[in-house]
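Below is one structure, written out as structure tokens; the observations come after it.
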Amino acid sequence: MAKDSSSDGRSRSRVAAVTAATLLGAALAEWLHLPAGALLGGMLVAIVAALTLSIHVPVPRLLLLCAQAVLGAALCSSFQPSAWAALADNWLIALVNVVGVVGIGQGVALVFSRWSGVDVRTATLGLMPGGASAMVALSEELGADARLVTLFQYLRLGVVIVVAAAVGRWASGVPDMRVATAAALPGSPPALLAWGVTALVAAVGGALGSWLKLPAGGFLGPLLLGIPLTALDIPVGAWPPGVLPLSLWVLGTRVGSHFDEAAVHELKRVALGALGAALAMVLGCLLLAWAWSAVGEVELLTTYFATSPGGADSVLAIALETRVNLSLVLAVQVGRLLLIFLVAPLLLRRLVGPR
């Protein structure tokens, strides 16, 4: 019994040490002014620890929901009333790109399924850019291999986050952090009032999003609740210093901790194919972004982030620190998230028929 207790103590110490290392990685990435540095730094350290030491930082579901809600509420302030006019001018081409990203994901999944022998359900859910946790949950309902779906989803997320951060850094130089301060919100409200309203929107929106079972509901709920409130000049979007980076660290660490050495080793051939598929999706969406930029006369960086194949919360966190039309990026990313959530089950049932 004493030996078991000693072993548990060492295990907890190792987890605590890795958790501290992810925090240091997040702080270093922030100090280097990387876009969404806390997310990227925490994720990379967590991946290294998971693959080399088999240590995973536990991120409780409640903490994840809180982190998503903080980010969702923070983004509300970036959706200005003038953005509706921009969306009205670009709604058709934006819709085409929403469907286009879904089509690219499905096409890559079908090719990957044929090449690797993985069944269509698992390949589609594993590579579909529509909220990793939602796709993993759907995998159980639709008879897919939940373990493979989890591996593919978080591999895709890792690739997308690293590439998006590199693009953001290359294109923007020093990030232009646009998280609103209380003074910048409508009416320049006192800081405590702005923080309180934002926290209330995050709490209520996060609870509603989870209750309605929206994809990434903790993130999407506050966003859908807060954006109409900003149109009424209600101050939503300000957080005390440090709250948003801490939330981004939670999101990045959770992604990194989902990698598993045993699973990657056992499924090495499939995992390498999934890595290639993730890169193919990024390239396909980049071509889609280039076409949109050329036809629609929208800045390429904006169209890149708008068509980047998810996760929406991570991509938007990176876009938040770059000089893009965030309202357009927000509309396309959220629109795709909802489209996939509504269409994916019907699409898969048509592809493979009844179980």
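The values are calculated or read from the model by the stated rules, or taken from the named source; none is laboratory data. Worth saying up front: this structure is predicted, and the values here are computed from it rather than measured. Here Cβ is always computed from backbone atoms with ideal geometry, including for glycine, and neighbour counts include all displayed protein chains.
For every residue, the table says whether it meets (1) at pLDDT 70 or above; (2) buried (at least 21 other Cβ atoms within 10 Å of the Cβ); (3) not basic (Lys, Arg).
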{"site": "126", "(1), (2), (3)": "yes, yes, yes"}
{"site": "129", "(1), (2), (3)": "yes, yes, yes"}
{"site": "153", "(1), (2), (3)": "yes, yes, yes"}
{"site": "156", "(1), (2), (3)": "yes, yes, no"}
{"site": "172", "(1), (2), (3)": "no, no, yes"}
{"site": "178", "(1), (2), (3)": "no, no, no"}
{"site": "204", "(1), (2), (3)": "yes, no, yes"}
{"site": "207", "(1), (2), (3)": "yes, no, yes"}
Check your understanding: Do we find that residue 322 is under 24 Å from residue 158 (Cβ atoms), outside any helix (DSSP H, G or I), among the hydroxyl-bearing types (Ser, Thr, Tyr) and out of contact with any Leu (no Cβ under 6 Å at 6 or more places or on another chain) in this structure?
Key -> yes
Exercise for review: Examine segment 328-337 for a residue that is within 23 Å of residue 63 (Cα to Cα), touching a residue at least 24 places away in the same chain (Cβ under 8 Å), in a helix (DSSP H, G or I) and among the aliphatic types (A, V, I, L, M), and state whether such a residue exists.
Suggested key: yes
Practice item. Could you please find all residues in segment 81-96 being assigned to a helix (DSSP H, G or I) and either at pLDDT 80 or above or surrounded by fewer than 20 Cβ atoms within 10 Å (Cβ to Cβ) (or both)? Key: 83, 84, 85, 86, 87, 88, 89, 91, 92, 93, 95, 96
Study note, to complete from the structure: Flagged pairs (Cβ under 6 angstrom, 6 or more apart or on separate chains; first in segment 248-269, crowded, with 24+ Cβ neighbours inside 10 Å; second polar (S, T, N, Q) and at pLDDT 85 or above) are 253/22
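Of the residues that make up segment 41-49, is at least one in a loop (DSSP other than H, G, I, E, B), modelled with pLDDT of 85 or more and within 22 Å of residue 257 (Cα to Cα)?
The initial filter retains those residues of segment 41-49 that are in a loop (DSSP other than H, G, I, E, B), namely none.
No: segment 41-49 contains no residue that is in a loop (DSSP other than H, G, I, E, B), modelled with pLDDT of 85 or more and within 22 Å of residue 257 (Cα to Cα).
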Review point. Of all residues in segment 209-243, which are more than 23 Å from residue 153 (Cβ to Cβ), in a loop (DSSP other than H, G, I, E, B) and under 19 Å from the mean Cα position of the chain (by Cα)?
Key: 237
Practice item. Could you figure out which of (1) under 18 Å from residue 58 (Cβ atoms); (2) at pLDDT 85 or above; (3) surrounded by fewer than 17 Cβ atoms within 10 Å (Cβ to Cβ) isn't true of residue 242? Key: (1)
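Please indicate, with yes or no, whether at least one residue in segment 19-38 is in a helix (DSSP H, G or I) and either closer than 23 Å to residue 337 by Cβ or modelled with pLDDT under 85 (or both).
Residues of segment 19-38 in a helix (DSSP H, G or I): 19-31, 37-38.
Filter again for either closer than 23 Å to residue 337 by Cβ or modelled with pLDDT under 85 (or both), leaving 37-38.
Scanning segment 19-38, I find at least one residue that is in a helix (DSSP H, G or I) and either closer than 23 Å to residue 337 by Cβ or modelled with pLDDT under 85 (or both), so the answer is yes.
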